[in-house]
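**Student:** Pasting in a structure now, in structure tokens, and then I'll have a few things to ask.
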Amino acid sequence: MDKAIEIAHRAELPLKIAAKVDKADLAYYNSKIKRLLRGPGVEFIGEIGEREKEAFLGGARALLFPIDWPEPFGLVMIEAMANGTPVVAFKRGSVPEILDRGVTGVVVDNLEDALAMLPQALALDRQRIRRRFEERFSVERMASDYVALYDEVLRRGTVNARVVTRTADQPSRDAA
């Protein structure tokens with residue numbers, strides 16, 4: 001949260017934070033984050049439910065995702081893209097695999113890069129972001145991938161020890 005607050009403050013943009021503070025993070029939150037929330041332009045909303053997410057993320061100018069750990073998936077990035085909201089994210093974990101640079105958001109190495117690339121992210125076409133979400137992460141896409149996988153199993157006539165893997169943008173390949 002501290003990096004998102006700094007990015008917004010330095011960019012002179014308002015920031016709304018929807019997040020759950022777990023018991024494990026409470027001491028850190030109280031000692032490092034709480035004081036940062038007192039500044040102008042920062043609003044801590046707390047945890048929001050599924051019903052509020054669409055309006056919250058869809059109404060945002062961008063999602064700031066300055067993570068410090070190797071995030072294995074980053075569902076919030078996909079939720080933002082589902083609402084046509086561009087993402088500014090640090091290059092950690094799954095971020096480079098989820099975001100399409102210059103289409104759904106920008107991938108940056110640090111806070112200074114985030115500030116420099118923020119105008120580019122804010123200028124991205126929100127309808128194009130939504131279309132790209134549908135192409136890569138929609139329920140229909142997932143179902144289509146499952147049907148293709150089942151068709152391949154049927155075509156082979158057997159289920160064996162081979163595993164068929166495919167990323168969202170690559171054709172299937174066998175990984176023995």
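The values are calculated or read from the model by the stated rules, or taken from the named source; none is laboratory data. Here the structure is a predicted model, which means the values were calculated and not measured. Cβ atoms come from the backbone with ideal geometry, glycine included; neighbour counts cover every protein chain shown.
The rows are residues; the columns are (1) in contact with a strand residue (DSSP E or B) (Cβ under 7 Å, 6 or more places away or on another chain); (2) farther than 24 Å from Glu52 by Cα; (3) modelled with pLDDT of 95 or more.
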position	(1), (2), (3)
Ala8	yes, no, yes
Ile17	yes, no, yes
Val21	no, no, no
Tyr28	no, yes, no
Leu37	yes, no, no
Gly41	yes, no, no
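**Student:** Okay, moving on. How many residues does region 85-127 hold that are assigned to a loop (DSSP other than H, G, I, E, B) and either of a type in the set (Val, Ile, Thr) or more than 11 Å from Leu63 (Cβ to Cβ) (or both)?
**Tutor:** Of all residues in region 85-127, those assigned to a loop (DSSP other than H, G, I, E, B) come to 85-86, 91-94, 99-100, 102-104, 109-110, 123-125.
With either of a type in the set (Val, Ile, Thr) or more than 11 Å from Leu63 (Cβ to Cβ) (or both) added as a condition, the list becomes 85, 91-94, 100, 102-104, 109-110, 123-125.
Of the residues in region 85-127, 14 are assigned to a loop (DSSP other than H, G, I, E, B) and either of a type in the set (Val, Ile, Thr) or more than 11 Å from Leu63 (Cβ to Cβ) (or both).
**Student:** Going by the structure shown, is Gly49 out of contact with any strand residue (DSSP E or B) (no Cβ under 7 Å at 6 or more places or on another chain) and at positive phi?
**Tutor:** For Gly49, the condition - out of contact with any strand residue (DSSP E or B) (no Cβ under 7 Å at 6 or more places or on another chain) and at positive phi - is not met.
**Student:** For Met77, work out the one condition from (1) in a helix (DSSP H, G or I); (2) over 14 Å from the mean Cα position of the chain (by Cα); (3) within 30 Å of Asn30 (Cβ to Cβ) it doesn't fulfil.
**Tutor:** Of the numbered conditions (1) in a helix (DSSP H, G or I); (2) over 14 Å from the mean Cα position of the chain (by Cα); (3) within 30 Å of Asn30 (Cβ to Cβ), the odd one out for Met77 is (2).
**Student:** Of the residues that make up region 44-66, is at least one in a strand (DSSP E or B), surrounded by 11 or more Cβ atoms within 10 Å (Cβ to Cβ) and over 15 Å from the mean Cα position of the chain (by Cα)?
**Tutor:** yes
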